[in-house]
1. In this structure, is Tyr31 outside any loop (DSSP other than H, G, I, E, B), touching a residue at least 40 places away in the same chain (Cβ under 8 Å) and surrounded by fewer than 18 Cβ atoms within 10 Å (Cβ to Cβ)?
2. Suppose we filter Ile333, Ile294, Ile342 for residues that are touching a strand residue (DSSP E or B) at 6+ places or on another chain (Cβ under 7 Å), surrounded by 15 or more Cβ atoms within 10 Å (Cβ to Cβ) and under 15 Å from Ala364 (Cβ atoms); which single one remains?
3. Check segment 118-136 and report whether any residue there is over 20 Å from Arg269 (Cβ atoms) and surrounded by fewer than 13 Cβ atoms within 10 Å (Cβ to Cβ).
4. Give segment 145-165 a look and list any residue that's under 43 Å from the mean Cα position of the chain (by Cα) and closer than 13 Å to Glu250 by Cβ, or say none.
5. Just to confirm my filter: which strands (runs of 3 or more DSSP E) fall fully inside segment 134-238 and include at least 1 residues that are of a type outside the set (A, V, I, L, M, F, W, C) and touching a residue at least 24 places away in the same chain (Cβ under 8 Å)?
6. Closer than 30 Å to Glu49 by Cβ, within 30 Å of the chain's Cα centre (by Cα), at pLDDT 95 or above and surrounded by 14 or more Cβ atoms within 10 Å (Cβ to Cβ) - does that describe any residue in segment 254-264?
7. For segment 35-72, which positions are outside any helix (DSSP H, G or I), more than 30 Å from Glu304 (Cα to Cα) and touching a helix residue (DSSP H, G or I) at 6+ places or on another chain (Cβ under 7 Å)?
8. I'm checking my understanding of the structure. Among residues of segment 82-100 that are in contact with a Leu (Cβ under 9 Å, 6 or more places away or on another chain) and assigned to a loop (DSSP other than H, G, I, E, B), which one is surrounded by the fewest Cβ atoms within 10 Å (Cβ to Cβ)?
Amino acid sequence: MIFMDEVTQESLDFQYILNKISTLTPYGMMYKGRLKAFELGRERELMEELDKIEAYLPSVNNKEIRREFNNIFAHIKDLRTSTRRAMEGFILTEVELFEIKNFLFLIRDLSELIKKNNIPIFDDTEIKPIEFLEKLLDPENTGISTFYIYDTYSDELKQIREKKREVDKEIKLKKKELKNTIKEELNLDLRPDSSVVISKDKKELIEKIQNYSHLTYVSETYMNIKFAIKPTEKMNQLEREVLILKDKEEREELRIRENLSKEIGKRRREIFRNMASIGKLDLILGKAKYALDINGVKPDIVEEHKIEIIDGIHPKVADFLKEKELSFTPISIFLKEGVACITGANMGGKTISLKLVGLLSVMAQYGLFVPAKRMKLGLNQFIKSSIGDMQSTDSGLSTFGGEIKIVGEAISKSNEKGLILIDELARGTNPEEGYAISKAIVDYLKDKTSITLLTTHYDNVANLDNVVHLQVVGLSQINIFDLAKEMDSHEKMEIINKYMDYSLRVVEKDTAVPKDALNIARIMGLDEEILELAEKYLDN
């Protein structure tokens, strides 16, 4: 069963939350990409995940510790391909060996950081240094992460390199002797690259050089001619010897890299286990950091299928309001199996309440702390929402058709322990039929095992037994006439946001939908004569 479809995820702004959870390692990003909701029956696992986040909060809250973690995580590369190559018998390159050596040192640094600061260790986040591979890739115990095929790997390699150094030294000596001879015989100072450039004006010298046995023509321009040392037979012999030694060195280095690759392949499980631990630790720390950012609390996971939120906040809306120097009104709500209806005027925050319930439920079920003073949740088998314009250009459905399609899909699952969220039910059709359909759906869902929360602007939809009627407080506590007189035109939306009370209250089931629309229209400057006519028609 799909826990949450893409439409629901988008309407609840869950991707906004995921984007706020920071992971720095490729393994942390991998596990973040695999995040799934804890399904019904996995309550214990979910509680363990939330306990881990709680355990890491002090470490994340310590700026110095967090900085050290970030510094290590920032240098960790994705070495899964190199490790698999070693496992499959391929010979790793020197670059790959360097990266694995560096990774081993970073594992050591992580382990020491955790021990030094007494940071909690769990089975799936335990970092275990691989001492054998550390010593294998750093045989001279330099402690430096750069990789080199050391002489200590092979006596034969050591001998080849020593011989090569001797021959190189002899070649340099021969070149030096030859340069001195040229200096004495031709009074020419050769460049470091053993060449000399002669102006074409010096014809006598050029002719002399052309007949000279230790210099040879290289190239020329319209002004100069370049000559270089002509190696002696002994120098040529030494150069050939160097080439042979280099070939032997490369073959011996290849043999050593093959042995190192085999040893790395043998310990692939230890490497992969550390990669997994680093990824899970990175993700847990990211969750803990976000929990602190939103001042979140650990949701209480219960067996009973219900949702209780005390002073909940929708993070995305709260961030938006903060930019405008406004604050989010915390929302409290208590839901159980059956139906609860939210009524209130447009702009009264009904949709935000709906989204908040869905988002916090998703966050809790994904193993995240929630922005609230307290939350209790019985796990849902699915979450389905119909929020916003449901018009489908792909299938040619109207807003009403698209809405009914989604609501129908939710109703088909209503005998399961799910959460159904419906915003302004049947708003896309005429009021009479819209009211009838809304009330019929509420009547049908009120005895189901799913929790259904819906918003409506229709009166009497919630006046059924066993249906909870919630109402947005809205502008009911404000003197609209006094407020409207004090406002400049550019302040109106800000004033509405400032004084709108988005909190919910339980009311009698037959309580009428509040008429805040007229108040909002008055604040926004609609002509008073029109408003008086509207009030007249409303009274009639």
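The values are calculated or read from the model by the stated rules, or taken from the named source; none is laboratory data. Since we're looking at a predicted model, the values are computed, not measured. Neighbour counts run over all protein chains shown; Cβ positions are idealised from the backbone, glycine included.
1. Numbers: outside any loop (DSSP other than H, G, I, E, B): yes; touching a residue at least 40 places away in the same chain (Cβ under 8 Å): yes; surrounded by fewer than 18 Cβ atoms within 10 Å (Cβ to Cβ): no.
For Tyr31, the condition - outside any loop (DSSP other than H, G, I, E, B), touching a residue at least 40 places away in the same chain (Cβ under 8 Å) and surrounded by fewer than 18 Cβ atoms within 10 Å (Cβ to Cβ) - is not met.
2. Details: Ile294 fails: touching a strand residue (DSSP E or B) at 6+ places or on another chain (Cβ under 7 Å); Ile342 fails: under 15 Å from Ala364 (Cβ atoms).
Only one candidate qualifies: Ile333.
3. So the first thing to find is which residues in segment 118-136 are over 20 Å from Arg269 (Cβ atoms), and the list is 118-120.
With the extra rule that they be surrounded by fewer than 13 Cβ atoms within 10 Å (Cβ to Cβ), the set shrinks to 118.
Taking every residue of segment 118-136 in turn, at least one turns out to be over 20 Å from Arg269 (Cβ atoms) and surrounded by fewer than 13 Cβ atoms within 10 Å (Cβ to Cβ).
4. Residue satisfying the conditions is Ile149 alone.
5. Numbers: elements: 195-199, 215-220, 224-229.
Answer list for segment 134-238: 195-199, 224-229.
6. Within segment 254-264, the subset closer than 30 Å to Glu49 by Cβ is none.
No: zero hits.
7. In the first step, residues of segment 35-72 are kept if they are outside any helix (DSSP H, G or I); the result is 35-42, 62.
Next, only the ones that are more than 30 Å from Glu304 (Cα to Cα) stay: 62.
Of everything in segment 35-72, nothing turns out to be outside any helix (DSSP H, G or I), more than 30 Å from Glu304 (Cα to Cα) and touching a helix residue (DSSP H, G or I) at 6+ places or on another chain (Cβ under 7 Å).
8. We begin by selecting, within segment 82-100, every residue in contact with a Leu (Cβ under 9 Å, 6 or more places away or on another chain); these are 82, 85-86, 91-92, 96-100.
If we keep only those that are assigned to a loop (DSSP other than H, G, I, E, B) as well, we get 91-92.
Numbers: Ile91: 17, Leu92: 21.
Among residues in segment 82-100 that are in contact with a Leu (Cβ under 9 Å, 6 or more places away or on another chain) and assigned to a loop (DSSP other than H, G, I, E, B), the one surrounded by the fewest Cβ atoms within 10 Å (Cβ to Cβ) is Ile91.
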